[in-house]
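As structure tokens, the structure follows; a few thoughts come after it.
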Amino acid sequence: MVVADGDHFLIECAIRRDLSSPVADFLDEMAAGAWAPGVENGLEPDEQVSWTDAFFAACEHLADTGSPIYAASFNQLRDGIWELKHWDLRVSFYDTDGHGNHTPVVDRDSYPRYANRPWPDGFDENLRLTSAFQKRGQKAEERHMAFANQVREEDLEHDRRP
Amino acid sequence: MTDDRRPSLIELREETREGRLGMAAARGTVGAVALLNRAFAASGINQHELAERACVTDGRVSQVLNGDGNVRVSTLARFLRALGYHLRLSAVRAEPDVELLPVPRRRRRERVREQFRFVSVAACDYIGWDGVGSEMVVQVTRSHPSALGLKAETVLDLETGEVERPEPTAIASRWTLVSPSERVHVRR
């Protein structure tokens, strides 16, 4: 499911082995103001809708210009998994050539310059949104990372199908 | 592989009026924050310096640059100005059957550039021409001051360069030339 198709990036929701898409489902629920992660998320239905519009507009900007809105709107997680940020919700993503190939983009130098980190140049033109989660601490929870990795593997596998 | 036949999530969102309006608002905010960040990045200054220039706190600068909350047009204009830019707004068509936004066409006024010829010092309250503690009342006229019934202690003819001193005065010999410009401020 395409989120934004621009001059620089094609941003899509990653697809799992069973053809489900965690981020597509998440965005559908948020757009309807019906996202309930099981715990208090602090977002009222109208806030969820606003969040969705803002996220869509941010993806559109990234796809069209090749750069995020501002430096603090994205973050590097681990092993080529990155995240887009808005409020305390995070959407993880990875990059691929669209044919099942993925070379992790790891920017080891960016962390010391948190406030002014540049958007890396090495991303492939397809960005796949793997998972969405609510940030609760300084580091992304291990289970969210593991899930994002799993979705990435299954999405790449999906692309490799003849 | 991508299924090209399906609309994107944004296109689906914009199938309703609420969705179109919501996306328009979000795009406006994103555009404003992105523009501000571009200007900030180009400036080479840090957030503290911007805070000083914009007369706000460091925290407010961080909040605005990070798109925290809705950025008002006035706030955007102030921050851009602090970075050395003017804000210009425009509207582009969102639908093909909407007319281009008309530009109001009104007859511009004709600015008449008056040619002044005479500079007359009508009243002086000064100590010397060096201007220390001085205030000079100057009248710039097209016709000779006497023709207008104006009393002048000293008259300079801009065309000939001649200085007339019909009355004995305490004016120093050095004449400070007044160059009338388009906007002439005359104290009465």
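Just checking, does region A:50-64 include any residue being open to solvent by 20 Å² or more (accessible area, probe 1.4 Å), more than 10 Å from chain B (Cβ to nearest Cβ) and without any contact (Cβ under 8 Å) to a residue 12 or more places away in the chain? The answer is no; no qualifying residue exists.
For region A:117-148, which residues satisfy the criterion of being modelled with pLDDT under 80 and either surrounded by 11 or more Cβ atoms within 10 Å (Cβ to Cβ) or at positive phi (or both)?
Result: A:Arg117, A:Pro118, A:Lys135, A:Arg136, A:Lys139, A:Ala140, A:Glu141.
Name the residue that is farthest from the other protein chains (Cβ to nearest Cβ), counting only residues in region B:4-50 that are open to solvent by less than 70 Å² (accessible area, probe 1.4 Å) and charged (D, E, K, R). Per the criteria, the residue is B:Glu14.
State whether the residues of region A:72-92 include one that is at the interface with chain B (Cβ under 9 Å from one of its Cβ atoms), within 12 Å of the chain's Cα centre (by Cα) and surrounded by 20 or more Cβ atoms within 10 Å (Cβ to Cβ). Scanning region A:72-92 turns up at least one residue that is at the interface with chain B (Cβ under 9 Å from one of its Cβ atoms), within 12 Å of the chain's Cα centre (by Cα) and surrounded by 20 or more Cβ atoms within 10 Å (Cβ to Cβ). Beta carbons closer than 6 Å, at least 6 apart along the sequence or on distinct chains, pair a first residue in region B:76-95 that is within 22 Å of B:Met23 (Cα to Cα) with a second that is open to solvent by 60 Å² or more (accessible area, probe 1.4 Å) for B:Ala91/B:Leu101.
How about region B:51-76: which of its residues are within 11 Å of chain A (Cβ to nearest Cβ) and small (Gly, Ala, Ser)? Correct list: B:Ser62, B:Gly67, B:Gly69. Of all residues in region A:1-25, those that are within 10 Å of chain B (Cβ to nearest Cβ) have Cβ atoms under 6 Å from Cβ atoms of residues that are of a type in the set (D, E, K, R), 6 or more apart or on another chain, in A:Val2/A:Glu12; A:Ala4/A:Glu60; A:Glu12/A:Arg128; A:Ile15/A:Asp155. Listed here are the strands (runs of 3 or more DSSP E) enclosed by region A:1-111 that have at least 1 residues being among the small types (Gly, Ala, Ser) and within 16 Å of A:Thr130 (Cα to Cα): A:2-5, A:89-96.
Taking first residues from region A:123-134 that are part of a loop (DSSP other than H, G, I, E, B) and partners that are among the charged types (D, E, K, R) and open to solvent by 20 Å² or more (accessible area, probe 1.4 Å), the Cβ contacts under 8 Å between residues at least 6 apart in sequence or on separate chains come to A:Asp124/A:Asp97; A:Glu125/A:Asp97. Inside region B:10-56, residues that are out of contact with any helix residue (DSSP H, G or I) (no Cβ under 6 Å at 6 or more places or on another chain) and not in a helix (DSSP H, G or I) make up a count of 7.
The values are calculated or read from the model by the stated rules, or taken from the named source; none is laboratory data. Just so it is clear, the model here is predicted, and its values are computed rather than measured. Please note: Cβ atoms are built from the backbone with ideal geometry, for glycine as well, and neighbour counts cover all protein chains shown. In case anyone asks, the SASA skips ligands and DNA or RNA and just uses the protein heavy atoms, side chains included. Shrake-Rupley method; radii C 1.70, N 1.55, O 1.52, S 1.80 Å.
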